[in-house]
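Participant: Submitted below is the structure of interest, expressed as structure tokens.
The values are calculated or read from the model by the stated rules, or taken from the named source; none is laboratory data. Note that the structure is a prediction, hence the values are computed from the model and not measured. Cβ placement follows ideal geometry from the backbone for every residue including glycine, while neighbour counts extend to all protein chains displayed.
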Amino acid sequence: MNVHTERRFEISRKADQFIQSLPVKLRRRIKEAVDYLIKGDVRHLDIKPLSPYPHEYRLRVGKIRVLFRADKELLFIIKAGFRGDVYK
């Protein structure tokens, strides 16, 4: 019997506030991308590692960047914002 378990998901308060402030269509696109991340299906996502940090990555959804930490048990969204602002 093959049991597929999804990883736990957490989001920082600031990242959640930013995503909630976006227009509905963009918010929906980000939610879909994060759902794929939770399931581990990253084939169609634009993800790059953040170089000095192991297990930390950047997800691109249009002009929005979502910075997250991931391992087998947990997906934690650290920060979300527009391309020019999120890395500061």
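Participant: Tally up the residues in the stretch 17-53 that are in a helix (DSSP H, G or I), in contact (Cβ under 8 Å) with a residue 12 or more places away in the chain and not basic (K, R), please.
Facilitator: Going through the stretch 17-53 one residue at a time, the tally reaches 8.
Yes/no matrix, rows are residues, columns are (1) more than 9 Å from the chain's Cα centre (by Cα); (2) within 25 Å of P23 (Cβ to Cβ); (3) surrounded by 12 or more Cβ atoms within 10 Å (Cβ to Cβ); (4) modelled with pLDDT of 90 or more:
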| residue | (1), (2), (3), (4) |
| --- | --- |
| G40 | yes, no, yes, no |
| D46 | yes, yes, yes, yes |
| P52 | yes, no, no, no |
| R60 | no, yes, yes, yes |
| I64 | yes, yes, yes, yes |
| L67 | no, yes, yes, yes |
| E73 | yes, no, no, no |
| I77 | no, yes, yes, yes |
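Participant: Can you name the number of the only condition in (1) surrounded by 15 or more Cβ atoms within 10 Å (Cβ to Cβ); (2) under 9 Å from the mean Cα position of the chain (by Cα) that V86 fails?
Facilitator: It fails just one condition, (2).
Participant: Ok, one more. Looking only at the stretch 67-88, how many residues end up being assigned to a strand (DSSP E or B), under 17 Å from R8 (Cβ atoms) and in contact (Cβ under 8 Å) with a residue 40 or more places away in the chain? Step through it out loud before you land on a result.
Facilitator: First pass over the stretch 67-88, keeping only residues assigned to a strand (DSSP E or B): 67-70, 74-82.
Restricting the remaining residues to those that are under 17 Å from R8 (Cβ atoms) gives 68-70, 74-78.
Going one step further and asking which of them are in contact (Cβ under 8 Å) with a residue 40 or more places away in the chain, we end up with 70, 74-78.
Selection size over the stretch 67-88: 6.
Participant: With the structure loaded, tell me whether D85 is modelled with pLDDT of 95 or more, of a type in the set (D, E) and touching a strand residue (DSSP E or B) at 6+ places or on another chain (Cβ under 9 Å) or whether it fails that test. Break it down into steps so the answer makes sense when it comes.
Facilitator: Values: modelled with pLDDT of 95 or more: no; of a type in the set (D, E): yes; touching a strand residue (DSSP E or B) at 6+ places or on another chain (Cβ under 9 Å): yes.
When the stated conditions are applied, D85 does not pass them.
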